[in-house]
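The values are calculated or read from the model by the stated rules, or taken from the named source; none is laboratory data. Computed from a predicted model, the values in this text were never measured in an experiment. Methodologically, a virtual Cβ is constructed for each residue, glycine included, from the backbone with ideal geometry; neighbour enumeration extends over all protein chains shown.
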């Protein structure tokens, strides 16, 4: 198993091994079936479990000289309030830290996203992609899993933080790159993947235009983004609940930074505006915690609970302090309130997720 990898998840009801021939993703007609009703509450006691005792369950030449100097400066990450962030020049300061704690959270999130797709790594209906790009690859775990699944393909992951493992499949490669500046690709990729880039893109129309240009004719883009807001079908969240504060403040902070966190509902239209065809959106409701009757929803809800408990302060700290003027103490107090809310199964809270695919015309 490669570094950072979480255990491989076999799709429910399947005995397919990760090395077996790649199966086609869900048919497009299935992608359009949005989940329109909320999960049903389980009859049995759901308050015990992952967070029942309040503890986390995750135990978790001149040229050569110039190059060495550049690499050294890139590896000297910026430190703010005890966390580290990328120092790659680029166009923007990313909201997310890149230290070990943040990397662990990213790998938890990767397992969660894969679980949401019942073991699939993407939904684009492409059987055997030959050249794949993972934009904003983070720890590189998605790119590594795709390279393992498709040994015949070349998979490239790009990011502004050099936090990917050095031991990778021979068909995987990582590069430092900023997706907010022009891409040097034309008609190159069969599949472009982006996931959780909310709050990081300066212009989504330009981003999708660049992806469109970089794809081969007939190639696919596969987008996965969480909604911004945490909600409940059961009227358990008052106006002063931290979930309500989260939505309002994250929206304001992202807008002040020029990079919105509210992106999921707009992906489909933006892909169509960029010229993509066969654009289909799948909107999925995920519980926060294990309060659903449905066993798959309970499992994804537990992982959602864990990734949020580990990540809420990472998500908001830099933006709230730099773009809203909050103090470190205020962020710390709010982070504690958010973690307590995330652990509270009896809120019957949920979170929407958006999966959208689109194809470049032949």
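Any idea which of (1) crowded, with 19+ Cβ neighbours inside 10 Å; (2) in contact with a strand residue (DSSP E or B) (Cβ under 6 Å, 6 or more places away or on another chain) is the one residue 289 doesn't satisfy?
(2)
All but one of (1) part of a strand (DSSP E or B); (2) in contact with a strand residue (DSSP E or B) (Cβ under 7 Å, 6 or more places away or on another chain); (3) surrounded by fewer than 21 Cβ atoms within 10 Å (Cβ to Cβ) hold for residue 219; state the number of the condition that does not hold.
Every condition holds for residue 219 apart from (3).
Among the residues that make up region 147-166, is at least one of them surrounded by fewer than 22 Cβ atoms within 10 Å (Cβ to Cβ) and closer than 27 Å to residue 352 by Cα?
Yes; the residues of region 147-166 include at least one that is surrounded by fewer than 22 Cβ atoms within 10 Å (Cβ to Cβ) and closer than 27 Å to residue 352 by Cα.
When you go through 269, 305, 317 one by one, which is the residue that is at pLDDT 95 or above and farther than 19 Å from residue 355 by Cβ?
Within the list 269, 305, 317, the selection yields 305.
Which of the residues belonging to region 327-346 are under 25 Å from the mean Cα position of the chain (by Cα), under 18 Å from residue 41 (Cβ atoms) and surrounded by fewer than 20 Cβ atoms within 10 Å (Cβ to Cβ)?
Within region 327-346, 344 is the sole residue that qualifies.
Determine which single condition residue 264 fails, assuming it passes every other condition in (1) at pLDDT 95 or above; (2) surrounded by fewer than 21 Cβ atoms within 10 Å (Cβ to Cβ).
Condition (2) is where residue 264 drops out.
Which of the residues that make up region 273-295 are more than 18 Å from residue 224 (Cα to Cα) and out of contact with any helix residue (DSSP H, G or I) (no Cβ under 8 Å at 6 or more places or on another chain)?
Scanning region 273-295 gives 293, 294, 295.
This table checks each residue for (1) part of a helix (DSSP H, G or I); (2) surrounded by fewer than 19 Cβ atoms within 10 Å (Cβ to Cβ); (3) at pLDDT 95 or above; (4) touching a strand residue (DSSP E or B) at 6+ places or on another chain (Cβ under 9 Å).
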residue: 225; (1), (2), (3), (4): no, no, yes, yes
residue: 234; (1), (2), (3), (4): no, yes, yes, yes
residue: 239; (1), (2), (3), (4): no, yes, no, no
residue: 245; (1), (2), (3), (4): yes, yes, yes, no
residue: 248; (1), (2), (3), (4): yes, yes, yes, no
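Does residue 124 meet the test of being crowded, with 18+ Cβ neighbours inside 10 Å, modelled with pLDDT of 95 or more, at negative phi and over 17 Å from the mean Cα position of the chain (by Cα)? Quick ask: steps written out before the conclusion?
Working: crowded, with 18+ Cβ neighbours inside 10 Å: yes; modelled with pLDDT of 95 or more: yes; at negative phi: yes; over 17 Å from the mean Cα position of the chain (by Cα): no.
Taking the combined requirement at face value, the residue does not satisfy it.
If we keep just the residues of region 167-182 that are assigned to a loop (DSSP other than H, G, I, E, B) and closer than 22 Å to residue 150 by Cβ, which is farthest from the chain's Cα centre (by Cα)? Break it down into steps so the answer makes sense when it comes.
To start, the set of residues in region 167-182 that are assigned to a loop (DSSP other than H, G, I, E, B) comprises 167-171, 177-182.
With the extra rule that they be closer than 22 Å to residue 150 by Cβ, the set shrinks to 167-171, 177.
Numbers: 167: 23, 168: 21, 169: 22, 170: 24, 171: 23, 177: 18 Å.
Checked region 167-182; the qualifying residue farthest from the chain's Cα centre (by Cα) is 170.
In region 146-166, how many are more than 15 Å from the chain's Cα centre (by Cα) and under 20 Å from residue 102 (Cα atoms)?
Count: 7.
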